[in-house]
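Peer 1: Dumping the structure here so I can ask a few things about it.
Coordinate-derived values only; no laboratory data. Because the structure is a prediction, the values reported are computed rather than measured. Counting neighbours? That spans all protein chains shown, and the Cβs are built from the backbone with ideal geometry, glycine included.
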Amino acid sequence: MKTGRIIRSLSGYYDIQLPSGDIQRTRARGEFRKSKQKPLVGDFVDFESENDEGFIWAIHQRENFLVRPPIANIDIAVIVTAAKEPDFAPNLLDRQLVALEAANVRPLIYFSKMDLLEKTEHEKINHVANYYQSIGYDVIFSDSKSAFEALKMMLKDHVSVFMGQTGAGKSTLLNHLSPQLGLETGEVSKALSRGKHTTRQVTLIDVDEALIADTPGFSSYEVFDFSVEELDDYFPEFVEKRQECRFRGCLHLNEPGCAIKESVAVGTITQSRYNSYKAFYELIKAQKPKYKTDN
Ligand SMILES: Nc1nc2c(ncn2[C@@H]2O[C@H](COP(=O)(O)OP(=O)(O)O)[C@@H](O)[C@H]2O)c(=O)[nH]1
Ligand SMILES: [Mg+2]
Ligand SMILES: [Zn+2]
């Protein structure tokens with residue numbers, strides 16, 4: 001029996017990397033399908049393999065996992081967010097942050113296209129970035145060389161996944177991190193039409209001592225798979241403040257003596273974050289109840 005990490009999944013086969021760096025191919029055994037547990041790229045597994053034929057016997061306990069893209073044991077998720085073209089969308093960023101918080105994956109916010117901003121726009125994005133930093137998130141700007149080096153250091157020896165809208169600049173950033181990747185970059189419309197024909201196959205690639213998930217065809221949207229009572233757990237600045245709400249279990253909507261709403265009124269929590277909270281609250285309420293599955 002050997003132990004390794006799945007670095008690629010391809011129609012029922014898995015490529016598993018051993019600690020030595022060797023890669024061996026196996027098949028998933030049937031029982032995994034019955035128990036509804038499916039090995040994911042990023043999983044550590046016990047397996048047997050000979051001449052590219054073999055089986056996975058056990059999946060080690062996961063640190064975390066994402067459904068879209070399907071990947072396990074992620075150290076950092078880089079949210080690539082365009083500062084312009086398309087205009088910065090706080091709701092979209094918050095949506096990704098909440099999904100990552102819920103999945104217990106550490107987010108890092110990368111603002112792309114900073115070079116396209118005029119002075120006043122630059123100040124606005126700086127202001128936004130300062131707020132996200134103040135609530136505990138790392139922020140990296142595309143026009144800062146030192147920040148880019150810091151990003152490289154953060155990714156070193158870790159598994160990371162890059163998310164963001166099509167056209168946000170994921171491929172551009174990945175090429176910048178590792179020019180030998182030579183990923184195609186392009187206009188939004190082209191990328192979208194190409195996306196439809198892309199096989200949804202996730203691969204972990206070695207990039208200068210970092211393992212980066214290459215996730216073609218995933219828009220990285222998540223359906224919120226938790227109740228409205230849990231929603232404020234995933235807004236770090238709400239978690240800090242909510243014990244001051246008059247009522248236990250306050251949903252921060254119409255309750256009197258709500259510390260979150262007071263913070264919004266005095267500006268220590270931004271209106272934009274509160275708007276996201278309310279929008280996601282409505283979204284979860286409107287979702288059809290569904291049964292949780294393992295992955
Ligand atoms: N000016 C500028 N353009 C960028 C930047 N990052 C990406 N782009 C452009 O935005 C478009 C979409 O980028 P791409 O990396 O393909 O986005 P992806 O769909 O997220 O992989 C391409 O035309 C890129 O050249 C940036 O930092 N500055
Ligand atoms: Mg791309
Ligand atoms: Zn409250």
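Peer 1: Between V223 and E121, with labels modelled 7 Å along Cα→Cβ, what's the label distance in nm to one decimal, could you check?
Peer 2: 3.6
Peer 1: Another question, if that's okay. Taking region 228-288, which trypsin sites (Lys or Arg not before Pro) meet the DSSP loop condition and have no more than 11 other C-beta atoms within 10 Å? Write out the running numbers ahead of the final one.
Peer 2: Numbers: sites: K241, R242, R246, R248, K261, R273, K278, K285; in loops: R246, R248.
The qualifying sites are R246, R248.
Peer 1: To the nearest 0.05, how large is the calculated FRET efficiency for E101 and R248 if R₀ is 22 Å and r is the Cβ-Cβ distance?
Peer 2: Numbers: r = 22 Å, r/R0 = 0.98.
Efficiency for this residue pair is about 0.55.
Peer 1: Quote the FRET efficiency, to the nearest 0.05, computed for N175 versus K285 with a Förster distance R0 of 35 Å and r equal to the Cβ-Cβ distance. All intermediate terms of the calculation are to be shown ahead of the outcome.
Peer 2: On the way: r = 41 Å, r/R0 = 1.18.
Efficiency, from the Cβ-Cβ distance: 0.25.
Peer 1: Along the charge dipole of the chain, which of A147, T203, L117 sits closest to the positive end, that is, farthest toward it, with unit charges on the beta carbon of Lys, Arg, Asp and Glu (+1, +1, -1, -1)?
Peer 2: The residue sitting most towards the positive pole is T203.
Peer 1: Between D46 and E184, what is the label-point separation in nm under the 7 Å Cα-to-beta-carbon projection?
Peer 2: Output for this residue pair reads 4.3 nm.
Peer 1: Next question, about the same structure. Aspartates and glutamates near K261 by alpha-carbon distance under 19 Å, same-chain residues fewer than 8 away left out - which ones?
Peer 2: Counting by Cα, and skipping residues close in sequence, K261 has these aspartates and glutamates nearby: D94, E229, E230, D232, D233, E237, E240, E244, E282.
Peer 1: Would you compute, for the Cα atoms of region 228-286, the largest minus smallest coordinate along each principal axis and list the three values in descending order, in whole Å?
Peer 2: The principal-axis extents, from largest down, are 29, 24, 20 Å.
Peer 1: Using a basic spin-label model with each label point 7 Å from the Cα along Cα→Cβ, how many nm lie between A147 and V67?
Peer 2: That separation, rounded to one decimal, is 3.2 nm.
Peer 1: Magnitude of the Cβ-charge dipole of the chain, K/R +1 and D/E -1, about the Cα centre, nearest 20 debye? Each step should come with its number before you reach the end.
Peer 2: Details: 37 positive and 42 negative charges, 199 e Å.
It works out to roughly 960 debye.
Peer 1: Hey, another quick one. Projected onto the charge dipole of region 2-61 (+1 at Lys/Arg Cβ, -1 at Asp/Glu Cβ, origin at the Cα centre), which of G42, I16, T26 gives the Cα projection farthest towards the positive end?
Peer 2: It is G42.
Peer 1: Can you compute the charge dipole magnitude of region 47-186 about its Cα centre, using +1 on each Lys and Arg Cβ and -1 on each Asp and Glu Cβ, nothing else charged? Give it in debye, rounded to the nearest 20.
Peer 2: 440
Peer 1: Classify region 66-214: rounded, prolate or oblate, from the alpha-carbon gyration tensor (a ≥ b ≥ c, eigenvalue square roots; a/c under 1.5 rounded; otherwise prolate if a/b is larger than b/c)? Write out the running numbers ahead of the final one.
Peer 2: On the way: a/c = 1.37, a/b = 1.20, b/c = 1.14.
Rounded, since a/c falls under 1.5.
Peer 1: On alpha-carbon atoms, Rg over Rh for region 2-61 using Kirkwood Rh?
Peer 2: 0.92
Peer 1: In 10 Å bins starting at 0, how do the alpha-carbon pair distances of the chain split up by percent?
Peer 2: 6, 25, 31, 24, 12, 3, 0
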